[in-house]
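We did not get these values from a lab; they are worked out from the coordinates using the rules stated. Not measured: the values here are computed from a predicted model. Neighbour counts are summed over all protein chains in view; Cβ atoms, including those assigned to glycine, are modelled from backbone coordinates with ideal geometry.
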Amino acid sequence: MSEQTIALVTGANKGIGYEIAVGLGALGWAVGVGARDGARREAAVEKLRAAGVDSFGVPLDVTDDASVAGAATLVEERAGRLDVLVNNAGVTGGGQQMPSMIDLDIVRTAVETNVLGTIRVTNALLPLLRRSPSPRIVNMSSGVGSLTRQSASTDESTVGPISAAYSPSKTFLNAVTVQYARELRGTNILINAGCPGYCATDLNNHSGWRTPEQGAAIAIRLATLPDDGPTGGFFEDAGVIPW
């Protein structure tokens, strides 16, 4: 097995995911670009390589069991292990999200990708992460998933619009992150949730005021935690986010 650090970032062909790949690649790591769209995935890999990043494409649809299993096989064949997994792929669910009027399919869509997709990918890659000397898992969450903030503020710049799908899916993701941390306590695997802030991406029609590069910073920080770093936490650039 190579001594080079190996990372996999889901949803890495654009936006925050791509910038996470850039940042990890700048450390000299080999970075797998996980993405569904083949053309966009390979374009991202080529762009990263042109910038000096050792990158490789990983066909990956986090909502599909066979695709996720194939991604795990690809990483194993290439590197024999995985050091860092960044679960970045996510969707808003789309549509109107007022709880009293929401289409339940919108909720299902958000949970399928943002929560079940993260579980699916994490479980498939855990055997490879266990082979690493210092494995890290980063789940890209959002501050709008903070129940404390949602219940204490009506400032949409802090808590976002009323949402019965996207925000609760991130709350669900945070809860799952804590359960993984409980299960993995006593191992060398650190798992945390990170909020990138409100970044201008395709997810929000580029309405955010932070750049994808700024949003990637928290993931890079959590991916490079020392062995005595925190696990089961929820963080943004300014520090801990209240649950």
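Amide H contacts under 5 Å for Leu82: Leu129, Arg131, Ser132, restricted to partners 5 or more places along the chain or on a different chain, H placed in the peptide plane at 1.01 Å from N. Rounded to the nearest 20 debye, the dipole size of the range 108-165 about its Cα centre is 440 debye, using +1 on the Cβ of Lys and Arg and -1 on the Cβ of Asp and Glu.
Proximity of backbone amide H atoms, modeled 1.01 Å from N, is registered between Val58 and Val33, Gly34, Ala35 at under 5 Å, excluding neighbours fewer than 5 places apart on the same chain.
Explain nothing, just the number: dipole magnitude of the chain about its Cα centre with +1 on each Lys and Arg Cβ and -1 on each Asp and Glu Cβ, in debye rounded to the nearest 20. Let's see the in-between values first.
Working: 19 positive and 24 negative charges, 55 e Å.
For this selection, approximately 260 debye.
Which is farthest toward the positive dipole end of the range 6-240 among Thr109, Val91, Phe56, measuring Cα position about the Cα centre, with Cβ charges +1 (Lys, Arg) and -1 (Asp, Glu)? Farthest along the dipole direction, towards plus: Phe56.
Helix content alone sets the calculated 222 nm mean residue ellipticity of the chain: runs of n ≥ 4 DSSP H residues at -39500 (n - 2.57) each, divided across all residues, give -12500 deg cm²/dmol. Coupling constants for the range 104-113 follow from the phi torsions by the Karplus curve (6.51 cos²θ - 1.76 cosθ + 1.60, θ = phi - 60°), and in residue order they are 4, 5, 5, 5, 4, 4, 5, 5, 4, 7 Hz; glycine and proline get x.
Based on the alpha-carbon gyration tensor of the range 114-196 and its eigenvalue square roots a ≥ b ≥ c, which shape applies: rounded if a/c is under 1.5, prolate if not and a/b is larger than b/c, or oblate? The shape class here is prolate.
Can you list the equivalent-ellipsoid semi-axes of the range 99-243, largest first and in whole Å, using the square root of 5 times each Cα gyration tensor eigenvalue?
On the way: eigenvalues 137, 62, 40 Å².
Whole-Å semi-axes of the equivalent ellipsoid: 26, 18, 14.
Packing, taken as the mean count of other beta carbons within 10 Å per residue, orders the peptides 43-50, 216-223 from highest to lowest as 216-223, 43-50. Fully extending the segment from Leu27 to Ala152, taken as 0.36 nm per residue of separation minus the present Cα-Cα distance, adds 41.1 nm.
When the charge dipole of the chain is built from unit charges on Cβ atoms (+1 for Lys and Arg, -1 for Asp and Glu) and taken about the Cα centre, the candidate among Thr148, Pro135, Asn192 whose Cα reaches farthest toward its positive end is Pro135. Each DSSP beta bridge with both residues in the chain is either parallel or antiparallel, and the antiparallel ones are about 5%.
The angle separating the long axis of helix 15-25 from the principal Cα axis of greatest extent in the chain is about 30 degrees.
Ordering Thr73, Thr63, Thr10, Thr109 by the number of other Cβ atoms within 10 Å of each residue's own Cβ, fewest first, gives Thr73, Thr63, Thr109, Thr10.
If the segment from Glu213 to Asp228 were pulled out straight at 0.36 nm per residue, it would be longer than the present Cα-Cα gap by 2.8 nm.
In order along the range 222-237, the phi-based Karplus estimate (6.51 cos²θ - 1.76 cosθ + 1.60, θ = phi - 60°) of 3J(HN,Hα) comes to 6, 6, 10, 4, x, 4, 9, x, x, 9, x, x, 10, 10, 10, 4 Hz; Gly and Pro are listed as x. Among the listed values [x] 117; [y] 186; [z] 128, the one computed from these coordinates for volume of the Cα convex hull per residue in Å³ is [x].
Between 0 and 90 degrees, the angle of helix 38-50 with respect to the longest Cα principal axis of the chain falls at about 60 degrees.
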